[in-house]
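Notes follow the structure.
The values are calculated or read from the model by the stated rules, or taken from the named source; none is laboratory data. None of the values given here were measured: they were computed from a predicted structure. Here Cβ is always computed from backbone atoms with ideal geometry, including for glycine, and neighbour counts include all displayed protein chains. Heavy atoms of the whole protein, side chains included, go into the accessibility calculation; ligands, DNA and RNA do not. Shrake-Rupley method; radii C 1.70, N 1.55, O 1.52, S 1.80 Å.
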Amino acid sequence: MIHENIPLPVQYTDKGVKRGSALPYMTTYILDNYDEIDAERKRPLVVICPGGGYEHLSNREAEAVAIKMNAAGFHAVVVWYSLAPMDFPAALLDLCEAVRFVRTHAALWHVDEKRIIVGGFSAGGHLAASLGVYWNAPLIGKYLPYGADEVRPDGLLLSYPVITAGEFAHTGSIRNVLGGTAEFTAADVSLETLVTGAVPPVFMWHTDTDTCVPPENSLRFAAALRTAGVSLEYHLFRRGVHGIGLATAETSAPDGSAVQPECAVWADLFAVWLKNL
């Protein structure tokens, strides 16, 4: 396995975008190939964005998820992106750098270049979905010297995502992702209003009893995706608190919460979806 921390370039500060205090980086979980199995095997790769309201990053939605992806036969990387205090679109640009790095290392890492998936949890889901709606928009080209195809995700994995800046917004996430910028407003990060047919296929799940990020976030995104004709698989589980990660003991909170066995199937459902993508 290639397991290392790789710093990400920060090119956007020269263009007036404030980043958080910590330098962004990504941690790789790249599976090896072996002559006795299949030396030329190419695997999908999942880029994982942990949640935390753009204020901190949850370890419960990072390494354990990457290892779960490895167990399904996928490469994984975890992106430790910019946090408040920052200005929009700092975190999005960090994610763009991570995706481009993966694409430029696809041959070395034996990555299936047609199945590079960007996934996120909660606010990390907002970040992943932001790339889904912005990857081919002028916004990214304004700050980074890359073509749209270099940062394009082939699919999105959205786990109880923050989506809207409207009625059902997680206000802390929206406040933190925008920062102190005067150039951008809540309309620029209310993602259900920005969906086009260019959004890549989406696998998304939520729980009906999530009171922190209400399921209306994903429901509204799902409706917008359907209107735009974007391929979607969506699961709304009956029970489960916010931030349940894998929904197993592996990502349990210290008090034993966040274990919801009936939700744990999401990872297996996602693996089938990705293998059929």
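Numbers at a glance
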read-out	value
Matching residues in the stretch 56-100 - criterion: being buried (at least 19 other Cβ atoms within 10 Å of the Cβ), more than 18 Å from G155 (Cβ to Cβ) and either among the hydrophobic types (A, V, I, L, M, F, W, C) or in contact with a Lys or Arg (Cβ under 7 Å, 6 or more places away or on another chain) (or both)	L57, A62, W80, S82, L83, A84, M86, D87, F88, A90, A91, L93
Selected residue (criterion: nearest to the chain's Cα centre (by Cα)) from residues of the stretch 37-71 that are over 19 Å from G20 (Cα atoms) and of a type in the set (D, E)	E61
Identity of the residue in the stretch 216-242, touching a residue at least 40 places away in the same chain (Cβ under 8 Å) and either open to solvent by 10 Å² or more (accessible area, probe 1.4 Å) or among the β-branched types (V, I, T) (or both), that ends up farthest from G172 (Cα to Cα)	E233
Residue in the stretch 108-147 that is least open to solvent (accessible area, probe 1.4 Å), counting only those that are assigned to a loop (DSSP other than H, G, I, E, B) and either among the aromatic types (F, W, Y) or more than 28 Å from A64 (Cα to Cα) (or both)	L144
Search result, residues across the stretch 249-277 that are in a helix (DSSP H, G or I), open to solvent by 50 Å² or more (accessible area, probe 1.4 Å) and out of contact with any helix residue (DSSP H, G or I) (no Cβ under 9 Å at 6 or more places or on another chain)	A249, P261, E262, D268, L269, V272, K275
Condition check for D35: of a type in the set (D, E, K, R), buried (at least 22 other Cβ atoms within 10 Å of the Cβ) and out of contact with any helix residue (DSSP H, G or I) (no Cβ under 8 Å at 6 or more places or on another chain)	no
